[in-house]
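Note sheet for the following structure.
The values are calculated or read from the model by the stated rules, or taken from the named source; none is laboratory data. Because the structure is a prediction, the values reported are computed rather than measured. Cβ: placed from backbone, ideal geometry, glycine included. Neighbour counts: every protein chain shown. In case anyone asks, the SASA skips ligands and DNA or RNA and just uses the protein heavy atoms, side chains included. Shrake-Rupley method; radii C 1.70, N 1.55, O 1.52, S 1.80 Å.
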Amino acid sequence: MVELPLGQESVAKTRKIVHVDMDAFYASVEQRDNPSYRGKPLVVGGSPNQRGVVAAASLEARKFGIHSAMPSVTAIAKCPGLIFVRPRFDVYREISAAIHAIFKRYTDLVEGVALDEAYLNVTENKQNITYASMIASGGRLRHRKTYQNCDFPVNPVNGNRRRVD
């Protein structure tokens, strides 16, 4: 316990962390770049003929129970009309960098976990927004270049999913 001189009060500041996880990021980029893929079940990953694995599944593919890390041969069995696309990590990196530039409008304290995931410490932010939930709700942005919805659930530092204000 730290003792403060008389007359000074301890003001505890709750850290406010916004967790950004862009759902189906790689698949959304592929649907953006090839409009004929839109609305169709699509996975980014290796071919089912070559022991491939699903890296990302579109929302349409998820309706068939297809998910990341699933063997491609299992995915094609669940959805015979499934579209397979090889990953283009150079494109995903470029888009991720553009989205991270948007995060920097709020805070310089951005920790990228993956191309499609990051943590933003918005305790003290550039917009002087008091509540993390306001940043998160305002942060449900649709990035024009990706057509990718960024989901900003607000998580407290200990990782439990709930609103932090």
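Computed as a quarter of the hull surface, the mean projected area of the alpha carbon convex hull for the range 19-102 stands at 5.7 nm². Computed from label points 7 Å out along Cα-Cβ, the spacing between residue 113 and residue 36 is 3.6 nm.
If you roll a 1.4 angstrom probe over the protein chains with everything in place, what fraction of the accessible area of the range 39-110 belongs to carbon and sulfur, to the nearest %? Of the solvent-accessible surface of the range 39-110, carbon and sulfur hold 56 percent.
Step through the table entries 40/78; 16/63; 40/104, compare each Cα-Cα distance with 23 Å, and write down the pairs that go over it. Violating the 23 Å Cα-Cα cut-off are 16/63; 40/104.
Sort 107, 14, 74 by heavy-atom solvent-accessible area, probe 1.4 angstrom, most to least. If you can, show how the numbers build up before the last one.
On the way: 107 5, 14 85, 74 55 Å².
Result of the area sort, largest leading: 14, 74, 107.
Accessible area ranking (1.4 Å probe, heavy atoms, ligands and nucleic acids excluded), largest first, for 30, 60: 60, 30.
On a 1.4 Å probe surface of the protein chains, which of 108, 116, 23 comes out largest in accessible area, and what is the full order? Please list the in-between numbers first.
Numbers: 108 95, 116 35, 23 75 Å².
Largest to smallest exposure gives the sequence 108, 23, 116.
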